[in-house]
Amino acid sequence: MQNLGINVIFQGRNLQRLFEGLLITMEISFISIVIATFLGVLIGLSRTTKYKPLLLINRLYLEFFRIIPTLVWLFIFYFGVTTALNVDLSGLSVAIIVFSLWGAAEMGDIVRGALQSLPKHQTESGMALGLSHWQLYLYVLIPQAVRRTLPGTINLATRMIKTTSLVVLIGVIDVVKIGQQIIESSRFEFPTASFWVYGFIFVLYFIVCYPLSVLSNKLEMKWNN
Amino acid sequence: MMKTKSEITLLKINDIHKEFDNKEILTGVSFELHRGEVLVILGPSGCGKSTLLRCINGLEKIQSGDIIFDETSLIQDNTNWPVIREKIGMVFQNYDLFPHMTVIDNILLGPLKVQKRDKKEALEQAEDLLARVGLLDRKDAFPRQLSGGQKQRIAIVRALCMNPEIILFDEVTASLDPEVVREVLDVILGLAKQGMTMVIVTHEMGFARSVADRIIFMDEGNICEIAEPDVFFTNPQTERAQHFLNIFQY
């Protein structure tokens with residue numbers, strides 16, 4: 001009987017290995033998104049000050065991460081920084097560092113945009129109640145800004161999850177790499193393996209990213225009512 | 001309740017100058033506000049009346065002159081504006097409630113977080129004030145569920161719940177539909193009768209006449225005329241005030 005291509009996924013430990021690869025993808029994404037969100041809020045807040053040097057540093061930081069491709073950043077840290085500083089970093093650690101820094105730069109911009117889009121009279125009516133500077137941010141501005149950052153944040157999170165597929169190139173075995181290995185090792189037995197394996201990976205990414213956009217829609221609906 | 005207007009000077013504005021981009025907005029304004037007094041500031045758009053209000057609670061910095069509140073100058077480097085603003089409340093034109101909070105949370109934010117008052121006591125006062133403006137049943141509503149007039153009454157309650165010594169009203173009915181202007185003005189009139197010290201910027205002439213103890217008429221960044229309302233409206237002394245009043249009569 002001819003082998004059905006889809007069986008490649010269920011042969012041996014293939015399915016388990018794909019999920020292990022997905023776990024690595026998720027680990028890098030999840031940790032980076034958490035760190036990026038935290039740092040991004042701080043960066044976003046710092047970008048609403050009037051202190052010029054801080055603004056300049058933030059501006060350069062953002063532009064560097066936007067202009068230079070993420071892959072190059074991975075190489076800079078994996079090959080460059082480790083050698084220059086003589087430290088030993090695993091591909092996984094480098095991936096988390098680079099994705100956190102990139103995410104923080106983008107998140108900072110999203111938070112800044114949200115804070116600056118709030119009407120000036122929100123600030124003034126908060127001040128008129130005697131709120132101190134940080135109380136104004138804590139109770140009035142940040143809660144409103146968070147709602148406005150939501151679409152951008154979800155978009156950034158899905159972009160980060162997708163872009164983690166680059167980590168293959170610094171030797172991290174993520175879901176895409178495992179897929180390639182499975183295809184390589186079974187290409188005689190299952191000539192259509194690449195179709196089924198990549199198709200399966202496609203579904204995995206969809207399952208990870210889709211709930212995020214559902215969540216974002218739900219929250220937006222809730223906050224609008 | 002009897003009016004408790006007194007001769008005690010609560011606020012003294014002394015020759016204040018304010019510039020934006022080298023353009024003079026206030027050119028040496030001086031006046032005094034007594035405890036329990038209601039001052040209404042009238043004048044054409046751009047005469048500086050809103051800016052004047054905003055200077056009083058430090059939302060705008062002045063270039064020279066002095067603002068003396070309760071015998072203390074506010075124009076000092078170490079003025080703690082948040083503390084002053086607890087005592088000098090302000091209600092704005094655009095009923096700036098915080099959209100992510102319910103009515104009651106909007107009102108309690110200042111009393112609980114700024115004044116660190118007891119929650120039960122502050123809540124009692126807030127509910128009492130809400131009942132007085134007829135909105136107790138809306139206390140758990142969000143601002144977007146309220147009409148403009150309701151939002152503005154809530155904004156007044158929010159300012160009142162801080163127990164301020166003065167409230168500044170900056171054209172609080174200017175962006176309201178005509179049919180709800182009255183409900184807001186009635187609230188302010190009620191406060192005047194209870195002896196609240198207020199400075200009101202408005203374009204509602206009938207209201208100004210009935211609420212004011214004194215009218216300040218401003219034009220081009222300075223005070224042209226200060227008079228009791230009956231005198232001002234029937235017999236304005238300056239040509240500019242006469243001209244201004246004529247605009248409001250068809």
Check your understanding: Of the residues B:F142, B:F31, which single one is touching a residue at least 60 places away in the same chain (Cβ under 8 Å), out of contact with any Gly (no Cβ under 7 Å at 6 or more places or on another chain) and surrounded by fewer than 20 Cβ atoms within 10 Å (Cβ to Cβ)?
Key -> B:F31
**Study point:** Any helices (runs of 4 or more DSSP H) falling wholly within the stretch A:110-225 and containing at least 1 residues that are under 30 Å from A:Q16 (Cβ atoms)
**Key:** A:142-163, A:175-185, A:193-224
Exercise for review: Restrict the check to the stretch B:156-172 and report whether at least one residue is closer than 24 Å to B:K18 by Cβ and in a helix (DSSP H, G or I).
Suggested key: yes
Point to revise | Selected residue (only one of A:L118, A:L219, A:L141, A:L136 is out of contact with any Ser or Thr (no Cβ under 6 Å at 6 or more places or on another chain), within 14 Å of another protein chain (Cβ to nearest Cβ), among the hydrophobic types (A, V, I, L, M, F, W, C) and free of Cβ contacts under 8 Å to residues at least 24 places away in the same chain) | key: A:L136
Practice item. Please verify whether the stretch B:58-66 includes one or more residues that are in a strand (DSSP E or B), touching a Leu at 6+ places or on another chain (Cβ under 9 Å) and more than 14 Å from chain A (Cβ to nearest Cβ). Key: yes
Exercise for review: Tell me which of these A:M26 doesn't satisfy, since it passes every other one: (1) closer than 18 Å to A:V175 by Cα; (2) at pLDDT below 90.
Suggested key: (2)
Point to revise | Considering residues of the stretch B:47-57 that are assigned to a helix (DSSP H, G or I) and touching a residue at least 60 places away in the same chain (Cβ under 8 Å) only, the residue surrounded by the fewest Cβ atoms within 10 Å (Cβ to Cβ) | key: B:R54
Exercise for review: State the number of residues belonging to the stretch B:221-250 that are assigned to a loop (DSSP other than H, G, I, E, B) and surrounded by 15 or more Cβ atoms within 10 Å (Cβ to Cβ).
Suggested key: 2
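On the basis of being touching a residue at least 60 places away in the same chain (Cβ under 8 Å) and on the phi > 0 side of the Ramachandran plot, does B:E165 make the cut?
Values: touching a residue at least 60 places away in the same chain (Cβ under 8 Å): yes; on the phi > 0 side of the Ramachandran plot: no.
No: the conditions fail for B:E165.
Where residues in the stretch B:82-98 are among the hydrophobic types (A, V, I, L, M, F, W, C) and under 17 Å from the mean Cα position of the chain (by Cα), which of them is farthest from B:A155 (Cα to Cα)?
Taking the stretch B:82-98 as the starting set, the residues that turn out to be among the hydrophobic types (A, V, I, L, M, F, W, C) are B:83-84, B:88, B:90-92, B:97-98.
Remaining after also requiring under 17 Å from the mean Cα position of the chain (by Cα): B:84, B:88, B:90-92, B:97.
Numbers: B:I84: 19, B:I88: 14, B:M90: 9, B:V91: 6, B:F92: 8, B:L97: 6 Å.
Ranking the candidates gives B:I84 first.
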Practice item. Taking the residues in the stretch B:110-153 that are part of a loop (DSSP other than H, G, I, E, B) and farther than 24 Å from B:G190 by Cα as candidates, determine which candidate is farthest from the other protein chains (Cβ to nearest Cβ). Key: B:D118
Exercise for review: Inspect the stretch A:39-58 for any residue being among the small types (G, A, S), buried (at least 20 other Cβ atoms within 10 Å of the Cβ) and in contact (Cβ under 8 Å) with a residue 12 or more places away in the chain and give the result as yes or no.
Suggested key: yes
Practice item. Could you please find all residues in the stretch B:75-100 being part of a loop (DSSP other than H, G, I, E, B), more than 8 Å from every other protein chain (Cβ to nearest Cβ) and surrounded by fewer than 19 Cβ atoms within 10 Å (Cβ to Cβ)? Key: B:I75, B:Q76, B:D77, B:N78, B:T79, B:N80, B:Q93
Practice item. Give the number of residues within the stretch A:169-225 that are over 19 Å from the mean Cα position of the chain (by Cα) and farther than 28 Å from A:F77 by Cα. Key: 27
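The values are calculated or read from the model by the stated rules, or taken from the named source; none is laboratory data. Computed from a prediction, not measured in an experiment: that's the story for all the values here. So basically every Cβ, Gly included, is an ideal-geometry build from the backbone, and we count neighbours across all protein chains shown.
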